[in-house]
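Here's the structure we're looking at; comments come further down.
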Amino acid sequence: SSLSIPIITHPGKDKIDYTTMFHRPISAIIQAGSNAGWFLSSFDEWTSNRISKGAKAKSENRARQEFPLFAAFHFVSL
């Protein structure tokens, strides 16, 4: 399901500013493109290149590679 999540943009500052991060299922994005008459010609996803150290490093690093942080969709108008 789609989510709107408020994120504090400057943690630790006196003034609290928020931005909104949107999470949508990949299927919802593809369906919206299809409904607009677009064809998904390519899709790419990127994982973080950050490396954790410490007691939980192995599981954190593995999870980071399994769950991408960013995705790119290339739609073409039909």
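Cβ-Cβ distance below 6 Å, separation of 6 or more or different chains: which pairs start in region 41-58 with a residue that is among the polar types (S, T, N, Q) and end on one that is part of a strand (DSSP E or B)?
Ser41/His74; Ser41/Val76; Ser42/His74
Let me confirm something: among Ile30, Ile5, which residue is modelled with pLDDT under 95 and either aliphatic (A, V, I, L, M) or in contact with a Leu (Cβ under 9 Å, 6 or more places away or on another chain) (or both)?
Working: Ile30 fails: modelled with pLDDT under 95.
Answer to the selection: Ile5.
Which of the residues belonging to region 20-34 are of a type in the set (S, T, N, Q) and either in contact (Cβ under 8 Å) with a residue 24 or more places away in the chain or surrounded by fewer than 10 Cβ atoms within 10 Å (Cβ to Cβ) (or both)? Walk me through how you get there before you give the answer.
Just the residues of region 20-34 that are of a type in the set (S, T, N, Q), to begin with: 20, 27, 31, 34.
Listed by number, the residues that qualify are Thr20, Ser27.
Filter region 35-78 for residues that are of a type in the set (Phe, Trp, Tyr) and in contact with a helix residue (DSSP H, G or I) (Cβ under 7 Å, 6 or more places away or on another chain); which is surrounded by the most Cβ atoms within 10 Å (Cβ to Cβ)?
If we filter region 35-78 for residues that are of a type in the set (Phe, Trp, Tyr), which is where we start, we get 38-39, 43, 46, 67, 70, 73, 75.
Within this subset, residues satisfying the condition of being in contact with a helix residue (DSSP H, G or I) (Cβ under 7 Å, 6 or more places away or on another chain) are 73, 75.
Numbers: Phe73: 16, Phe75: 18.
Going through the qualifying residues, I end up with Phe75.
Which numbered condition trips up Ala55, out of (1) of a type outside the set (Ser, Thr, Tyr); (2) within 30 Å of Phe75 (Cα to Cα); (3) at pLDDT 90 or above; (4) outside any helix (DSSP H, G or I)?
Evaluating Ala55 over (1) of a type outside the set (Ser, Thr, Tyr); (2) within 30 Å of Phe75 (Cα to Cα); (3) at pLDDT 90 or above; (4) outside any helix (DSSP H, G or I) leaves (2) as the failure.
In region 1-40, what residues are more than 21 Å from Ala71 (Cβ to Cβ) and either in a strand (DSSP E or B) or under 12 Å from the mean Cα position of the chain (by Cα) (or both)?
Pro6, Ile8, Tyr18
Quick one: is Arg64 among the basic types (Lys, Arg) and either modelled with pLDDT of 95 or more or touching a Lys or Arg at 6+ places or on another chain (Cβ under 9 Å) (or both)? Give the steps one after another, and end with the answer.
On the way: among the basic types (Lys, Arg): yes; either modelled with pLDDT of 95 or more or touching a Lys or Arg at 6+ places or on another chain (Cβ under 9 Å) (or both): yes.
Considered against the rule, which asks whether it is among the basic types (Lys, Arg) and either modelled with pLDDT of 95 or more or touching a Lys or Arg at 6+ places or on another chain (Cβ under 9 Å) (or both), Arg64 comes out as yes.
The values are calculated or read from the model by the stated rules, or taken from the named source; none is laboratory data. Note that the coordinates shown come from a computational prediction; the quantities given were computed from them, not determined experimentally. Heads up, the Cβs are rebuilt from the backbone with ideal geometry, glycines too, and the neighbour counts pull from every protein chain shown.
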